[in-house]
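S.K.: Sharing a structure, written as structure tokens. Questions coming.
The values are calculated or read from the model by the stated rules, or taken from the named source; none is laboratory data. Predicted model only: the values in this text are computed from it and were never measured. With ideal geometry, Cβ positions are generated from the backbone for all residues, glycine too; neighbour counts draw on all protein chains shown.
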Amino acid sequence: MTLTLVLALALLVGLSLGLLGGGGSILTVPLLVYVAGMDAKEAIATSLFVVGVTSAVGMINHARGGRVRWRTGVLFGAAGMAGAYTGGLVGGHIPDTVLLIAFAVMMIVTAGAMLRGRREVDPDRAHRQIPVGRVLLDGAAVGLATGLVGAGGGFLVVPALALLGGLPMPVAVGTSLLVIAMKSAAGFTGYLSTVKIDWSLTLAVTAFAVVGSLVGARLAGRVPAHVLSRLFAWFVLAMGAFVLVQQAPAHIGVPILAALASLGAGAGVCYGFVARCPLRRAVQRT
């Protein structure tokens, strides 16, 4: 029964990846920890494998459509691999509780990025030529986060590729899959020195996630993406809060939950006010 539930949820994770183009991978670690019963290190290592393979498969259609900029992706991905491998090595020696708290923070940050939405890059702000040093530095930083907590970092990689590489958003999305696949492979390799992998479960989860992503990609044009993205973002935020409260000491878990709830309510009120503000509409018309 547990295995069936794990595989069904893996299918949903892949479906969300195919529909949204990112964000779904961040659910893999909670799935493996709280449903499959893995410890944090094994779950993070396994998620890196799942995310890497799923991203590589998803990249194929983008590559066929000419939406992968190989030179930029390899440059960013190479720096990310160095950071991810280091993160994987370091993560193997960090207590599970610390890793899960860091992962919960990453979930909350990702949810915030999804709620904010992807913006088209102003051509005047994008670099005409690739700033190699900045790309290497940003790639290594994002890769380190990926290696430590197992999240693919798509919502961090896409804006970086668009701004630093000057890529149009569709090309940035396609290229990000190459970067995520490279980073995930390096992070997974880093964890292999300290973590034992359940390959039968890992391959099964990966297969279902890939199938889900392919189905999601076919449905992507038929479902309002902005609605799905916001619903998914609030779900990720709730899951991040759940993981954070689960790992926090009992006497501060409730205050953390109350603070997050207040923050979320305040953000919702502010967003609604700004969206309906007559002054904002007048400015937009001008």
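S.K.: What is the one condition in (1) surrounded by fewer than 23 Cβ atoms within 10 Å (Cβ to Cβ); (2) in a helix (DSSP H, G or I); (3) at pLDDT 85 or above that Gly66 does not satisfy?
M.R.: The failed condition is (2).
S.K.: Still on this structure, please answer the following. One residue is enough: does the range 90-106 have a residue meeting the conditions among the polar types (S, T, N, Q), at pLDDT below 85, farther than 18 Å from Leu7 by Cα and outside any loop (DSSP other than H, G, I, E, B)?
M.R.: yes
S.K.: Can you give me the number of residues within the range 171-202 that are without any contact (Cβ under 8 Å) to a residue 60 or more places away in the chain and under 26 Å from Pro95 (Cα atoms)?
M.R.: 2
Quick grid of which residues meet (1) of a type in the set (A, V, I, L, M, F, W, C); (2) at pLDDT 80 or above; (3) under 17 Å from the mean Cα position of the chain (by Cα); (4) in a helix (DSSP H, G or I):
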position: Gly212; (1), (2), (3), (4): no, yes, yes, yes
position: Leu219; (1), (2), (3), (4): yes, no, no, yes
position: Val227; (1), (2), (3), (4): yes, no, no, yes
position: Phe232; (1), (2), (3), (4): yes, no, yes, yes
position: Gly253; (1), (2), (3), (4): no, no, no, yes
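S.K.: Mind listing whichever residues of the range 77-118 are hydrophobic (A, V, I, L, M, F, W, C) and free of Cβ contacts under 8 Å to residues at least 12 places away in the same chain?
M.R.: Val98, Val109
S.K.: Could you run through the range 158-200 and say how many residues are over 19 Å from Arg67 (Cβ atoms), assigned to a loop (DSSP other than H, G, I, E, B) and of a type outside the set (A, V, I, L, M, F, W, C)?
M.R.: So the count comes out to 4.
S.K.: Do we find that Val74 is under 23 Å from Gly133 (Cα atoms) and out of contact with any helix residue (DSSP H, G or I) (no Cβ under 7 Å at 6 or more places or on another chain) in this structure?
M.R.: When the stated conditions are applied, Val74 passes them.
S.K.: I've got another one for you. Going through the range 191-212 one residue at a time, which ones are surrounded by fewer than 24 Cβ atoms within 10 Å (Cβ to Cβ) and not aliphatic (A, V, I, L, M)?
M.R.: Ser193, Thr194, Lys196, Asp198, Trp199, Ser200, Thr202, Thr206, Phe208
S.K.: Given the criterion modelled with pLDDT of 90 or more and out of contact with any strand residue (DSSP E or B) (no Cβ under 8 Å at 6 or more places or on another chain), identify the matching residue among Thr28, Thr2, Thr46.
M.R.: Thr46
S.K.: Tally the residues that are among the acidic types (Asp, Glu) and surrounded by fewer than 19 Cβ atoms within 10 Å (Cβ to Cβ), restricting the search to the range 39-63.
M.R.: Looking only at that region, the number is 1.
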